[in-house]
Amino acid sequence: MRPDQESSRRILSDQIREVLDELNPKEKKILEKYAEKDLNGEFVRPKDQDGNIIGEAVNIIDVPSFTSEMDELMNMTHNLSHEKLNFEDLNLQ
């Protein structure tokens, strides 16, 4: 691999790691499970018609399963039970 290609690969890997660092552990696990990886274990980056890498995107190998697991995760985290509170219940002075 040419030095400029190696540098580009490292920069892209760093960008992906930054995005992953912003995900919660369950989101990371799902992304790791369904993202396409090359022989080095790096995420395969999709390219546009001109061969340019598309932003911080990754190729997903099983979109329906990925979407289903992410939907389940989002529904689980958004369906938390709760009770209404009155200010009086908080005993604030």
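The values are calculated or read from the model by the stated rules, or taken from the named source; none is laboratory data. All values derive from a computational prediction rather than experimental measurement. Virtual Cβ from ideal backbone geometry, glycine too; neighbours counted across all protein chains shown. In case anyone asks, the SASA skips ligands and DNA or RNA and just uses the protein heavy atoms, side chains included. Shrake-Rupley method; radii C 1.70, N 1.55, O 1.52, S 1.80 Å.
In the stretch 1-31, how many residues are in contact with a strand residue (DSSP E or B) (Cβ under 9 Å, 6 or more places away or on another chain) and either part of a loop (DSSP other than H, G, I, E, B) or at pLDDT 85 or above (or both)? Result for the stretch 1-31: 1.
So how many residues does the stretch 45-61 have that are touching a helix residue (DSSP H, G or I) at 6+ places or on another chain (Cβ under 9 Å), part of a loop (DSSP other than H, G, I, E, B) and open to solvent by 60 Å² or more (accessible area, probe 1.4 Å)? The qualifying residues number 2.
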